[in-house]
Amino acid sequence: MDPLTQGLLGASLPQSVSKKQHFVVAGVLGLLAGMAPDLDVLIRSSSDPLLFLEFHRQFTHSLFFIPIGSLICALVLHRLIAKKRGLSFKQSWLYCALGYSTHALLDSCTTYGTQLLWPFTTERYAWNTVSVIDPVFTLPILILLVCATLKRNPWLARTAFLWALIYPTLGMIQRDRVEAAGWQLAKERHHTPVQLEAKPSFANIFLWKVIYEVEDDYYVDAVRVGISVKTYPGESIAKLNVNRDFAWLDPDSQQARDIERFRWFSNGYLAQDPTDEQRIIDVRYSIVPNQVKALWGIKLSPLATEDTHVEYTTHRDNTPASRQLFFDMLTDF
């Protein structure tokens, strides 16, 4: 989730339980601790562009790391902020722990994937109920917390936290409706999907992307769910077959190992880019939900040495035509 929403949600829980005289500082501690797990984005390597994919939403986002991560936050923030405002270290740690604990669970509501149970498993949990940025989710929390802070009113903070529970629940209901529409669309095509997922498109829970796997192909479609359900049939693409698509690739090379690392990150949804035969794309994400125009991928090189990593590439299809297609689907009542 975006840092603003993470911080706001992190502030709402400490403010919901804090004493009135500690209301503001509890919110500040919760806000900063609520954003802290995303400091893992600093774990990068100039020689290994996929390293950040392995560590983002990994140990700092594990439920088992909450006591440690919040303790680190408290050790830093207590001396800087809380001690001079009359809080004990235990109180600072409690407010940091409450703020820190909201982060990973909120991230798991998105589609990216979060390693909630690391180090016991590297499974990436993605409940696909909200977009990583959604103003309808964030703005009510922001308004309620501003009012709560001005009035020192914990009930407004509790209402903000309650909204943070209600909105993903609405997203879950929407997701289930979309998945049902996706299964029906596959049935009409006489397909029996191996797996099918629905993901909210950017900044809303009305327009969704459905992707399913059948035999050697992936199919992507858009579904809009409001009072009624409307489908927008989309494109298909062949699943990645490394032996076929990259016959020149040495299976013992670093590039071959990087493909498997990217496969883990992408939950297996890989395909050869139809516009660049040396590029492998993550089929799950695109601006227009019924298109195969991936937001990111990896690029291989036949000239690379055995120990050379792949190149990580991003492609934001933010053209006026794409934005218009997206908006037309979103507002097609």
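Taken over the range 144-171, residues that are open to solvent by 40 Å² or more (accessible area, probe 1.4 Å) and either among the charged types (D, E, K, R) or within 30 Å of Lys209 (Cα to Cα) (or both) amount to 10. Does Ala157 satisfy the condition of being at pLDDT 95 or above and either over 24 Å from Val132 (Cβ atoms) or of a type in the set (S, T, N, Q) (or both)? No. Answer with yes or no whether Leu106 is under 23 Å from the mean Cα position of the chain (by Cα) and either open to solvent by less than 70 Å² (accessible area, probe 1.4 Å) or of a type in the set (D, E, K, R) (or both). Considered against the rule, which asks whether it is under 23 Å from the mean Cα position of the chain (by Cα) and either open to solvent by less than 70 Å² (accessible area, probe 1.4 Å) or of a type in the set (D, E, K, R) (or both), Leu106 comes out as yes.
Provide a single number: the residues in the range 73-103 that are among the aliphatic types (A, V, I, L, M), closer than 17 Å to Gln21 by Cβ and crowded, with 23+ Cβ neighbours inside 10 Å. Write out each step before concluding.
So the first thing to find is which residues in the range 73-103 are among the aliphatic types (A, V, I, L, M), and the list is 74-77, 80-82, 87, 94, 97-98.
Filter again for closer than 17 Å to Gln21 by Cβ, leaving 81-82, 87, 94.
With the extra rule that they be crowded, with 23+ Cβ neighbours inside 10 Å, the set shrinks to 82, 87.
Number satisfying all stated conditions: 2.
Counting just the residues of the range 317-333 that are among the aliphatic types (A, V, I, L, M) and in contact with a strand residue (DSSP E or B) (Cβ under 7 Å, 6 or more places away or on another chain), which one comes out surrounded by the fewest Cβ atoms within 10 Å (Cβ to Cβ)? Full working, then the answer.
Of the range 317-333, the ones among the aliphatic types (A, V, I, L, M) are 321, 325, 329-330.
Those still in the list that are in contact with a strand residue (DSSP E or B) (Cβ under 7 Å, 6 or more places away or on another chain) too: 329-330.
Values: Met329: 19, Leu330: 17.
Per the criteria, the residue is Leu330.
Suppose we keep only residues that are part of a strand (DSSP E or B) and acidic (Asp, Glu) within the range 270-316. Which one would you say is farthest from the chain's Cα centre (by Cα)?
The initial filter retains those residues of the range 270-316 that are part of a strand (DSSP E or B), namely 270-272, 279-282, 296-299, 311-314.
Within this subset, residues satisfying the condition of being acidic (Asp, Glu) are 282, 311.
Numbers: Asp282: 14, Glu311: 22 Å.
The extreme case among them is Glu311.
Screening Ser16 with (1) touching a strand residue (DSSP E or B) at 6+ places or on another chain (Cβ under 9 Å); (2) farther than 26 Å from Ile259 by Cβ gives one miss only, at (1). The strands (runs of 3 or more DSSP E) falling completely within the range 172-269 that include 2 or more residues that are open to solvent by less than 70 Å² (accessible area, probe 1.4 Å), under 28 Å from Gln58 (Cα atoms) and in contact (Cβ under 8 Å) with a residue 40 or more places away in the chain map to 195-200, 207-214.
Filtering Thr111, Thr102, Thr129 for residues that are touching a Gly at 6+ places or on another chain (Cβ under 7 Å) and part of a loop (DSSP other than H, G, I, E, B) leaves a single hit, Thr129.
The values are calculated or read from the model by the stated rules, or taken from the named source; none is laboratory data. Here the structure is a predicted model, which means the values were calculated and not measured. Note that we place each Cβ from the backbone using ideal geometry, even for glycine, and neighbour counts take in every protein chain shown. Areas reflect the complete protein model, heavy atoms only, side chains present, ligands, DNA and RNA absent. Shrake-Rupley method; radii C 1.70, N 1.55, O 1.52, S 1.80 Å.
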